[in-house]
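The values are calculated or read from the model by the stated rules, or taken from the named source; none is laboratory data. All values derive from a computational prediction rather than experimental measurement. Cβ: placed from backbone, ideal geometry, glycine included. Neighbour counts: every protein chain shown. Side chains are part of the model used for accessible areas, which takes the heavy atoms of the whole protein and leaves out ligands, DNA and RNA. Shrake-Rupley method; radii C 1.70, N 1.55, O 1.52, S 1.80 Å.
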Amino acid sequence: MAVKVKRALISVSNKIGILKFSEVLQSLGVEIVSTGGTYKQLSEAGLKVLKVEELTNFPEMMNGRLKTLHPFVHGAILADRSKQEHLKQASQAGMKLIDMVVVNLYPFKETVAREGVTLQEAIENIDIGGPTMLRSAAKNHKSVAVLVDPEDYEKIADELKNNNGFLNEATLFALSVKAFQHTCEYDSVIFNWLSNKYNSLKETEYKVVSNKLNWFK
């Protein structure tokens, strides 16, 4: 089943191409919801953009750690459009359905590649809300498009323009597979870096607990 994109949530760390893609979405009548630096860039460029808290009625807090982890975001993404009960519950709760999620994640890999990066700096670049939104959208790919790669913006924009704002089922599935690949690789980088960090420290700071962490031998 093809999906008509009417509302998109955009929150990207890698902002290459996002303005041009967002302009295409707006020209097709798509309502754009965004967060943080992405909201700032798009709104300053003259696009009409809603802040995510305008959907959730809940402020961003904890230095950005908490902003998209909300039922009005994830319910709006996860609602299966083929199930009337899902749509009824979403409507009764006052959710505005999200048909497209455009997200790429905090730059953990780039952060830990810097010389002298601290454990705390690395920790702060572990994305939580982003992977959750990607997995929600990818799971519900029959109802929601999910984009993680700026290289896909142009071809997705072309399909939308050529199909009156719709994306076909094959495209939606391919995008979901790519999203799961993205989150899998992201978590692998985090695990590998943290386990290497642990192994380098376990004879000093973490010596007391090292015997309990047998999987890091």
Selection from the range 1-30 of residues within 20 Å of His141 (Cα to Cα) and open to solvent by 60 Å² or more (accessible area, probe 1.4 Å) yields Met1, Lys4, Lys6
Any idea which residue in the range 80-103 is farthest from Leu167 (Cα to Cα), counting only those that are surrounded by 13 or more Cβ atoms within 10 Å (Cβ to Cβ) and of a type in the set (Lys, Arg)?
Lys96
Got a number for residues in the range 68-79 being over 15 Å from Ala138 (Cβ atoms), at pLDDT below 80 and open to solvent by less than 30 Å² (accessible area, probe 1.4 Å)?
1
Scope the range 125-150; condition outside any loop (DSSP other than H, G, I, E, B) and touching a residue at least 60 places away in the same chain (Cβ under 8 Å); matching residues:
Gly129, Gly130, Thr132, Met133, Ser136, Ala137, Lys139, Ala145, Pro150
Number of positions in the range 155-164 that are under 16 Å from Ser27 (Cβ atoms) and either more than 21 Å from the chain's Cα centre (by Cα) or without any contact (Cβ under 8 Å) to a residue 12 or more places away in the chain (or both)
6
All-but-one check, Leu9 against (1) touching a Gly at 6+ places or on another chain (Cβ under 9 Å); (2) at pLDDT 95 or above, failing number (1)
Of everything in the range 127-151, what is among the small types (Gly, Ala, Ser) and closer than 17 Å to Gly36 by Cα? Give them in sequence order.
Gly129, Gly130
